[in-house]
Amino acid sequence: MLYLDTKYISLISGKLQKFKKSNTTYNFRCPYCGDSQKNKNRARGYFFQKKGSYIFKCHNCGVGRTLANFLKDNDSSLFSEYLLESYKAFAVTPRKIRTANIIFFMTILFNWLIILTILTHLFHICNPRAKKKI
Ligand SMILES: [Zn+2]
């Protein structure tokens, strides 16, 4: 859910100091340790991509979080919105797969019915006696 992660990173970015984006990585002052107290420009907190989602890592205190846990720690209302949206996004996919499966099995069933009808007709053509019985 990369697009969802990107959306929520931009939503929480307003709360993060020295927030900036470079390519696919985001950099800002770590909210866990507060980053360097001497140098207010130092920013060692990062969001980076890993296996299709974003992970937080601080190179100062070493804290590592998934985006979901980062939101939980820093903005509980954003966290619940994120959970709800991920749930919706996941719920859409299985329904599509289910419909595709039903269509697939219906097609197979329909094909078999056609084959069965053709076979029955052939059987009656080759066997005139069988036709009389019916
Ligand atoms: Zn830190």
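Each reported figure results from applying straightforward, stated rules to the coordinates on display, with no laboratory input. Every value quoted in this text rests on a predicted model; they were computed, and no experiment measured them. Cβ atoms come from the backbone with ideal geometry, glycine included; neighbour counts cover every protein chain shown.
Considering helices alone, the calculated mean residue ellipticity of the chain at 222 nm is -19500 deg cm²/dmol, with DSSP H runs of length four and up weighted by -39500 (n - 2.57) and normalised per residue. In terms of the mean number of neighbouring beta-carbon atoms within 10 Å, the peptides 101-112, 30-41 order highest first as 30-41, 101-112.
State, to one decimal in nm, how far the label point of residue 57 lies from the label point of residue 105, with both points 7 Å from Cα in the Cβ direction. Distance between label points: 4.5 nm. Relative contact order of the chain, taken over Cα pairs closer than 8 Å and 6 or more residues apart, is 15 percent. Computed from the C-beta positions of residue 33 and residue 91 and an R0 of 25 Å, the FRET efficiency is 0.10 to the nearest 0.05.
Working from label points 7 Å from Cα in the Cα-to-Cβ sense, the residue 114 to residue 74 distance is 5.7 nm. Karplus-based coupling profile of region 61-72, in residue order and whole Hz: 9, x, 5, x, 9, 6, 4, 4, 5, 5, 5, 4, with θ = phi - 60° in 6.51 cos²θ - 1.76 cosθ + 1.60 and x standing for Gly or Pro. Helix 2-12 and the longest principal axis of the C-alpha atoms of the chain enclose an angle of approximately 30°. Oblate is the label for region 47-98. Its Cα gyration tensor axes, ordered a ≥ b ≥ c, give a/c of at least 1.5 and b/c at or above a/b. Helix 76-126 axis versus longest C-alpha principal axis of the chain: approximately 10°, rounded to the nearest ten. Excluding same-chain neighbours fewer than eight residues apart, no aspartates and glutamates are reachable from residue 38 by a Cα-Cα span under 18 Å.
Over 22 Å between Cα atoms, which of 20/40; 15/72; 18/88; 7/57 qualify? Violating the 22 Å limit, Cα to Cα: 18/88. A cut-off under 12 angstrom between Cβ atoms defines the neighbours of residue 7, and their net charge, with Lys, Arg +1 and Asp, Glu -1, is -3.
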